[in-house]
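The values are calculated or read from the model by the stated rules, or taken from the named source; none is laboratory data. Note that the coordinates shown come from a computational prediction; the quantities given were computed from them, not determined experimentally. Glycine also receives a Cβ, built like all others from the backbone with ideal geometry; neighbour counts cover every protein chain displayed.
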């Protein structure tokens, strides 16, 4: 079973850390332009983003892909 995570570049990285690093890199304004998700432009916070992204797989995938493009090159 451990073989499933060996090739996952996000293995061991929590969603909260992903959001925090993206906000540090881009800020909420730029992040909302890159990924048009309401929790990024309407009263944004890490907490509200976590709540939404945990329930919305398509949005989480977009955030994870932006993180990988930005930090995993």
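The residues in the stretch 38-65 that are part of a loop (DSSP other than H, G, I, E, B) and closer than 21 Å to residue 10 by Cα can be counted, and the count is 1. Residue 20 passes every criterion in (1) loosely packed, with under 11 Cβ neighbours inside 10 Å; (2) at negative phi apart from (1). Determine whether the stretch 4-14 contains at least one residue that is touching a residue at least 40 places away in the same chain (Cβ under 8 Å), touching a helix residue (DSSP H, G or I) at 6+ places or on another chain (Cβ under 8 Å) and assigned to a helix (DSSP H, G or I). No; the residues of the stretch 4-14 include none that is touching a residue at least 40 places away in the same chain (Cβ under 8 Å), touching a helix residue (DSSP H, G or I) at 6+ places or on another chain (Cβ under 8 Å) and assigned to a helix (DSSP H, G or I). Only a single item in (1) part of a helix (DSSP H, G or I); (2) touching a helix residue (DSSP H, G or I) at 6+ places or on another chain (Cβ under 9 Å); (3) modelled with pLDDT under 95 is not met by residue 26, and it is number (3).
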